[in-house]
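Single-structure report; data block below.
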Amino acid sequence: MYGSGNADALLARWNEWTPLNTNQIFLGLPAVEGAASSGYMPPDVLTSQVLPSIKSSPKYGGVMLWNRFYDQQNGYSDVIKGSIN
């Protein structure tokens, strides 16, 4: 979980989930700090520290943001869309 502000902690959780018997795993994040009680990650941290590591996983399915209303307000998806594939 990123709530601690530590990308390494999130990557450790990712590595716990990837051995599961599933085809794809999506990384879910709040689109703004107020969309959840914790877990907000600034887009620059996501694109520079997290995505480079998890995109190499065969289980990586993409990024999911909640909720669309907040994403439309701050444009989070517009900032990261060039980095998610």
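Only the coordinates and a few stated rules stand behind these numbers; no lab work does. Computed from a predicted structure; not experimentally measured. With ideal geometry, Cβ positions are generated from the backbone for all residues, glycine too; neighbour counts draw on all protein chains shown.
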L20, L10, L51 arranged by Cβ crowding within 10 Å, fewest neighbours leading: L20, L51, L10
Low-density loop cleavage sites - chymotrypsin sites (Phe, Trp or Tyr not before Pro) in the range 2-48, where at most 13 other Cβ are within 10 Å (DSSP): none
Using alpha-carbon coordinates, inclination of helix 7-17 to the longest axis of the chain, degrees: 50
FRET efficiency for Q72 and R13, using Cβ-Cβ distance with R0 set to 22 Å, rounded to 0.05: 0.20
P(r) of the chain over all Cα-Cα pairs, binned every 10 Å from zero, in whole percent: 17, 54, 27, 2
